[in-house]
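Following: one structure in structure tokens, then a few remarks.
The values are calculated or read from the model by the stated rules, or taken from the named source; none is laboratory data. The shown structure was predicted, so the numbers you read here are calculated from the model rather than taken from an experiment. Here the Cβ positions follow ideal geometry from the backbone for every residue, glycine too, while neighbour counts run over all protein chains shown.
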Amino acid sequence: MVIDFSRFKRGVRINLMKIADQTSGKGRTGVFLPMTSTLAQKVMQFRVGSKVTDPSAVPAVMRQKPAIPNSEIACQRTFVFDNQNGGWTINGQRFNFTPRFQVKQGTAERWTLVNASRDWEHPIHIHLEEHQLEIRDGATPPDFEQMRKDVTLIRPGDSVTLTMRHRDWVNEYPMHCHNTVHEDHAMMLLWEVVSHDVTCVAQP
Ligand SMILES: [Cu+2]
């Protein structure tokens, strides 16, 4: 990221502020606060120094994302994130220490993440491999969501479809909601990457 501070004098201090209004852990309200609001929070401060030359430039072509052709998808899986009986669940189950399914190393998979919990956002973090979003709520996602990601947000009612290829490592890896309250209350699962052929379980 390059930020141009050249119009500011040496010594000026500039605060990066969080102004997205949030009144509960459920998610954002969609309202942006005025900078002067007592609820606006300082995140980081820039202190402008002396002038420097900046040879950086945005390249004409960005790095291409790795293609995952349909023919290489070895398994399609669906994961429903919900609140059931006071607990946070994935496909109706809370976390336990046993991997729920296996993935063959080197294969690609397509996963659909569904938020069925109505009024909570869930930022879902998939460990080990970066994924690429294909579809968000039936439509092509915006550019910034089509890049390589390891966390994808599902808002209430959202359904997203993503692809990834499990390349380098075997062993057990988690997927979990990154909302601390949810990950601490079992909205997490383990899967295992193995080197042998596996059975495709569509909703593990
Ligand atoms: Cu969550």
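Only one of the listed residues (GLY157, GLY138) is more than 12 Å from the ligand (Cβ to nearest atom), in contact (Cβ under 8 Å) with a residue 40 or more places away in the chain and farther than 20 Å from ALA108 by Cα. That residue is GLY157. Here the condition is being surrounded by fewer than 17 Cβ atoms within 10 Å (Cβ to Cβ) and at positive phi; of ASP137, ASP119, it holds for ASP137 alone. Taking the criterion of being within 11 Å of the ligand (Cβ to nearest atom) and either surrounded by 19 or more Cβ atoms within 10 Å (Cβ to Cβ) or on the phi > 0 side of the Ramachandran plot (or both), the residues of the range 165-185 that qualify are HIS176, CYS177, ASN179, HIS182. Is it the case that some residue within the range 113-120 is assigned to a loop (DSSP other than H, G, I, E, B), within 16 Å of the ligand (Cβ to nearest atom) and at pLDDT 95 or above? Taking every residue of the range 113-120 in turn, at least one turns out to be assigned to a loop (DSSP other than H, G, I, E, B), within 16 Å of the ligand (Cβ to nearest atom) and at pLDDT 95 or above.
Elements of the type strands (runs of 3 or more DSSP E) sitting completely within the range 1-106 and holding at least 3 residues that are loosely packed, with under 13 Cβ neighbours inside 10 Å: these cover 13-18, 41-47. Determine whether the range 37-44 contains at least one residue that is within 22 Å of the chain's Cα centre (by Cα) and without any contact (Cβ under 8 Å) to a residue 60 or more places away in the chain. Yes, the conditions are met somewhere in the range 37-44. Going through (1) modelled with pLDDT of 95 or more; (2) surrounded by 12 or more Cβ atoms within 10 Å (Cβ to Cβ); (3) more than 14 Å from the ligand (Cβ to nearest atom); (4) in the same structural domain as GLY86 (by TED's automatic domain parsing) one by one, MET188 falls short only on (3).
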